[in-house]
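The values are calculated or read from the model by the stated rules, or taken from the named source; none is laboratory data. Not measured: the values here are computed from a predicted model. Note: ideal-geometry Cβ built from the backbone for every residue, glycine included; neighbour counts use all protein chains shown. Heads up: the accessible areas ignore ligands, DNA and RNA and are worked out on the full protein's heavy atoms, side chains in. Shrake-Rupley method; radii C 1.70, N 1.55, O 1.52, S 1.80 Å.
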Amino acid sequence: MIGGIGIPELLLIFGILLLLFGARKLPEIGRGLGEGIRSFKNSLSGEDEKEEKVVKAKELEPEIKEEKKIESTEKEKTQA
């Protein structure tokens, strides 16, 4: 098999990366690679715009709930 990478080879590569970058930097590198790959896939499929709308809606959800609470308390005060 050409280019077969097994468990020992992966452990060796991980060990070398750990020595080069250190334990603190590896999660940041992995996160950056994941975001880059995700962004590339989204740009190819055109799902980036859909995802942005969902993220914005989720970010605004707590604010909308808070506004509804305020409106309901104001209505109760005016009715009383």
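Starting from the range 9-21, take each residue that is open to solvent by 100 Å² or more (accessible area, probe 1.4 Å) and list its partners that are part of a helix (DSSP H, G or I), counting only C-beta distances under 8 angstrom and pairs at least six apart or across chains.
Correct list of pairs: Phe21/Ile29.
Residues are listed down the side, and each one gets a yes or a no for (1) modelled with pLDDT of 90 or more; (2) over 23 Å from the mean Cα position of the chain (by Cα):
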| site | (1), (2) |
| --- | --- |
| Arg24 | no, no |
| Ile37 | yes, no |
| Asn42 | no, no |
| Ser45 | no, no |
| Lys50 | no, no |
| Glu66 | no, yes |
